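The values are calculated or read from the model by the stated rules, or taken from the named source; none is laboratory data. Everything quoted here is computed from the prediction, not taken from an experiment. So basically every Cβ, Gly included, is an ideal-geometry build from the backbone, and we count neighbours across all protein chains shown. Please note that ligands, DNA and RNA were not included when accessible areas were found on the heavy atoms of the full protein model with its side chains. Shrake-Rupley method; radii C 1.70, N 1.55, O 1.52, S 1.80 Å.
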Amino acid sequence: MSENNTKWFSLNLSNSKPKQQASTCGCGNTSGGCGGHQNEIRSSAIGDERHKDGFEQVFDVQMDRRTAFKKLTASLLIGAGAVTTSCSVVADEKSKEKAQIDWEEQFKGNYKLMSDEEKKATVDRLVRSYELRTNKTISMTSENAQENVLFGYAFNISKCQGYMDCVSACVEENNQDRNSEMQYIRIHEMKDGQGLKFDEADDNYYHEVPAEGHFYLGTQCFHCDNPPCVDVCPVQATWREEDGLVVIDYDWCVGCRYCMAACPYDGRRFNWSKPEVPEDEVNKNQHYLGNRMRKKGVMEKCTFCVQRSRKGQNPACVDACPTGARIFGNLLDPNSTIRWVLENKKVFRLKEDLGTEPKFWYFMD
Amino acid sequence: MRRLKVFKSLLIDSLDVITHGSRKYHLWMGFLTFVMLVGMYCYSIQLDQGLSVTGMTDRVSWGLYISNFTFLVGVAAAAVMLVMPTYVLKDIDFKQAVLIGEGLAVAALIMCLAFVVADMGGPSVLWHMIPGIGVFNFPNSMLTWDVIVLNGYLFLNISIPYYILFRHYQGKDANPKIYVPGALISVFWAVSIHLVTAFLYQGLQARPFWNNALLGPRFLASAFAAGPALIILVLAIIRNYTAFKVENKTIGKLAMIVTVAAQINLIMLVSELFKEFYAPTHHSESAYYLFFGLHGKNALLPWIWTSIPLNVLATVLLTFGKFRNNFKVLYFCCFILFVAIWIEKGFGLIVPGFIPGPYGKIAEYTPTGVEIGVTMGIWALGAFVFTILAKTAIKIETGKLRYKKKDSQ
Amino acid sequence: MNNNCYTYSIGCLIMALFLSFSCKHKESKYHSLTDKIEEESKDFIGTDISLETLLEEMKLLEIHEEGHAFLIPERKGQLKSYACSECHTKPLASMTSLEIGKKAHWNVKLAHADNLTMNCITCHSESNLDELTSLTGSEIDFDASYKLCSQCHTAQFKDWTGGAHGKKIAGWAPPRASMTCVNCHNPHSPSFDTRWPSRFNTQMEKERKEGLSH
Ligand code: SF4
Ligand code: SF4
């Protein structure tokens, strides 16, 4: 129990190597250095700098080839870990609490079916878990959809200049994996006078923009009102919320990628490997269904920044766009600007013939 | 109580059977075990690093695993070709082959399930899919339909042969009143597993290459060609290496089935090609990619142009009775037909569905070593399971394995 | 024969089950999304979400244009050396000499229409520099500078009042606060420059990786 007195030191303890880590943790660096420090020591054999991935940031699971087999029965192992920890005399309060949290997280239900209390409980657990691992606090919310709200989006093709400020803002806001260069938004550079020729467009340009003789068009998840991706999910890990947002419970997704095949708009992104976000770049203002840390092997996508939009704010892309090409608002409010756009501009949507009813319109000046 | 005792003795006996055999048998099993271990090692790499070690990307998000899964569902469904005449139409010729066919179906189904699990991003939360404990999105998701029908079919194909073998093991005759209804259901079931698997792809309006009404029927036709072709090959091997008797007539009838199915499959292929290339639309691009390559991207060309000639050659040869009745030619035809359909229904079906992507982007897919390793491991697992099942079944059917016998000794 | 009947009945049963389950078409009252939006917003009573707390800190002015009422940021407080008359004590005409030395607005280059159409005094009042001037010579307050722009850019003005042009401040929820013309456009050079796209996740990541390997 003596370890417990120096609470600060015991924070990053894992069950197996209490002593070594207690000493490395004394670097006193509060701005993320501590986490990095610890990482370096753990993976010094590999030699390269490893950033913590989303899953580790939440659960701090370290793994090498040898222990990979264990992953097969991860749930059982965590359970066993919880049991041994609670039986162990030397285990301190913190690691017990950690094990308890991991246990409850592993076997919690589908967020969609949770009551408000349960939602709050899991959010609290995740926040606490993050605090236990990294000594940093995040704020995570679980706001539900509001009544009389249906989110919609409009994109002005004549305004977009291809600056991609939206893409960057989205990556930062939503804690997207830096390694695989994931981005929810793609800006397609198209030739003037050829119409919407997506197959000849370039969505990975890097030159001065706007380029002569080109126009730009952005795509992302369109939050279809009749979303095919939702129907196909075998475990209802993705669904349409009351305010029209199509969201994913990252902890419930089994990673079958059926939804990805079903989306006609290239709206979904998969975590093929551990997502990594440098500790000091993590956006700590999170929502359970939005930009909280993901783990490997789960689906994710644009949520219209649920952590912002449910508070009345614009999604990060809308705020970041320097040209005002992006318009966001409540479709049910007859006085909203999005409604004015729909009623007064010549709007169209992509692949309307599929009957997916995307809530994302394009228009021109 | 007695049943339990018999069951225990059956288990012990079969364990005895499968651990004893000729040198060749041991070599074969050792080889399979080795491949399985390699597969497991590859899978452990995949678990550790995530699916990024495979060739799949956001643009081609299903690959080798799902291709093999799709193909093997067809193989499993083909067991019905033997079940129907034997149990329902009382055609005696098939009686010998039917247990082998059902063993093959079990092995194929186990491989299917293994491929699906290998393809999952989060195998540790797979319990989310268990109805009751998790959330089962039935009936909206075709994948849940597939889970139901596959497991149901697996159950049917284990229980029917198990009942028959269990009776024979005790030296009794199996009661048709008990197994015929099961067999009847499994006939429909076999059609449904393949149709449902086709619907899995057919129902996606996002992928025009799959979203076509012919996909389901073509799945069936090709399955009823490839499955029995494999059964013929397996029967040929069994005939050569064991005491199990397989009549020429049985193989002849199977060959007939393969021939008809292959012909129908070819007609449907022609119909599909006609639609894609006579009046090509924006939606024909995947077919163009598959058969001719698009914008210089042509990774699938060697595959599909191996498959098509083999397919045509096999079908033409089989059509003539003279060739069909020559067993050497027949085996050869079955083999090339099997390979052709494996390519066509696996790679040739899944990958072009993603190319070009929803916005016309062409990103090619090549499986990585790890992926191939896991795939081979799962095939080895299938072969392993089948060998065990077949060996036990043959021993019982040839009367070498009997409960009573052992008792009296 | 008996067997055949059996087969048939089971087949029909399975088919019936299949059909009854397989209809995933959702019960929907509306023909299309637009119908639904129209219908559901008929008796819209507002939401609980409001931006008032977020906008509290900002100095905003309410304007009424084209039947829309909304807030725009106040301008005068943002100008570095308003009021202009604190320096410009004399009328412009008497300040043309070069004697004074360094010019105060040396960095202002006019790239707005051409010389035939516009010069400084198209917008700035010659006599009262604290005010802007309309084409007909009436005074326009700096806080209402959009009125100046709307003299020519009528289509953009209409879109702006409706909400199709320009950006909103803070969020989508009411009250509506929109940026005004000069918040995005430099009035002396209103068009947007070409520049390199920002590529956080590709370019930055590359740079980070390179930085680490050195
Ligand atoms: S755009 Fe794709 S991912 Fe987004 S709701 Fe529609 S189908 Fe689903
Ligand atoms: S990948 Fe996840 S969200 Fe998508 S269908 Fe599969 S389980 Fe559902």
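General remarks:
- Sole residue being outside any loop (DSSP other than H, G, I, E, B), within 10 Å of another protein chain (Cβ to nearest Cβ), of a type in the set (Ser, Thr, Tyr) and more than 16 Å from ligand 2 (Cβ to nearest atom), chosen from A:Tyr216, A:Tyr206: A:Tyr216
- Restricting attention to the range A:316-330, the residues that are within 8 Å of another protein chain (Cβ to nearest Cβ) and assigned to a strand (DSSP E or B) add up to 4.
- The listed residue being open to solvent by 20 Å² or more (accessible area, probe 1.4 Å), more than 16 Å from ligand 2 (Cβ to nearest atom) and within 19 Å of A:Tyr265 (Cβ to Cβ), out of A:Leu354, A:Leu331, A:Leu350: A:Leu354
- Residue ID - most open to solvent (accessible area, probe 1.4 Å), chosen from residues in the range A:234-274 that are away from ligand 1 (no atom under 13 Å from the Cβ) and more than 9 Å from chain B (Cβ to nearest Cβ): A:Glu242
Residue-by-condition table, conditions (1) under 30 Å from B:Ile304 (Cβ atoms); (2) in a helix (DSSP H, G or I); (3) open to solvent by 20 Å² or more (accessible area, probe 1.4 Å):
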position	(1), (2), (3)
B:Ile12	no, yes, yes
B:His26	no, yes, yes
B:Tyr41	no, yes, yes
B:Leu47	no, yes, no
B:Val60	yes, no, no
B:Gly74	yes, yes, no
B:Val83	no, yes, no
B:Tyr87	no, yes, no
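- Restricting the range C:189-212 to residues that are open to solvent by 60 Å² or more (accessible area, probe 1.4 Å) and within 19 Å of the chain's Cα centre (by Cα), the residue that is nearest to the other protein chains (Cβ to nearest Cβ): C:Phe192
- Matching residues in the range A:100-120 - criterion: being part of a helix (DSSP H, G or I) and touching a helix residue (DSSP H, G or I) at 6+ places or on another chain (Cβ under 8 Å): A:Gln100, A:Ile101, A:Asp102, A:Trp103, A:Glu104, A:Glu105, A:Gln106, A:Tyr111, A:Lys119
- Test result for A:Asp231, closer than 21 Å to B:Pro358 by Cα, surrounded by fewer than 24 Cβ atoms within 10 Å (Cβ to Cβ), within 16 Å of ligand 2 (Cβ to nearest atom) and touching a residue at least 12 places away in the same chain (Cβ under 8 Å): yes
- Residues of the range C:115-141 that are of a type in the set (A, V, I, L, M, F, W, C), surrounded by 12 or more Cβ atoms within 10 Å (Cβ to Cβ) and outside any loop (DSSP other than H, G, I, E, B): C:Cys120, C:Cys123, C:Leu132, C:Ile140.
- A:Ala121 free of Cβ contacts under 8 Å to residues at least 24 places away in the same chain, hydrophobic (A, V, I, L, M, F, W, C) and surrounded by fewer than 20 Cβ atoms within 10 Å (Cβ to Cβ): yes
- Index of the failed condition, A:Cys221 passing every other in (1) farther than 21 Å from A:Asn291 by Cα; (2) away from chain B (no Cβ under 11 Å); (3) within 16 Å of ligand 2 (Cβ to nearest atom): (1)
- Filter result for the condition that a residue is within 16 Å of ligand 2 (Cβ to nearest atom), crowded, with 21+ Cβ neighbours inside 10 Å, assigned to a loop (DSSP other than H, G, I, E, B) and on the phi > 0 side of the Ramachandran plot, over A:Gly297, A:Gly290: A:Gly297
- Subset of the range B:261-281 [of a type outside the set (Gly, Ala, Ser) and either in contact (Cβ under 8 Å) with a residue 40 or more places away in the chain or surrounded by 15 or more Cβ atoms within 10 Å (Cβ to Cβ) (or both)]: B:Gln263, B:Ile264, B:Asn265, B:Leu266, B:Met268, B:Leu269, B:Glu272, B:Lys275, B:Glu276
- Scanning the range C:147-164 for residues that are more than 14 Å from every other protein chain (Cβ to nearest Cβ) and of a type in the set (Ser, Thr, Tyr) returns a single hit, C:Ser150.
- Residue among A:Phe304, A:Phe348, A:Phe360 that is free of Cβ contacts under 8 Å to residues at least 40 places away in the same chain and more than 9 Å from every other protein chain (Cβ to nearest Cβ): A:Phe348
- Count of the range A:133-175 residues which are out of contact with any Lys or Arg (no Cβ under 9 Å at 6 or more places or on another chain) and away from chain C (no Cβ under 11 Å): 2
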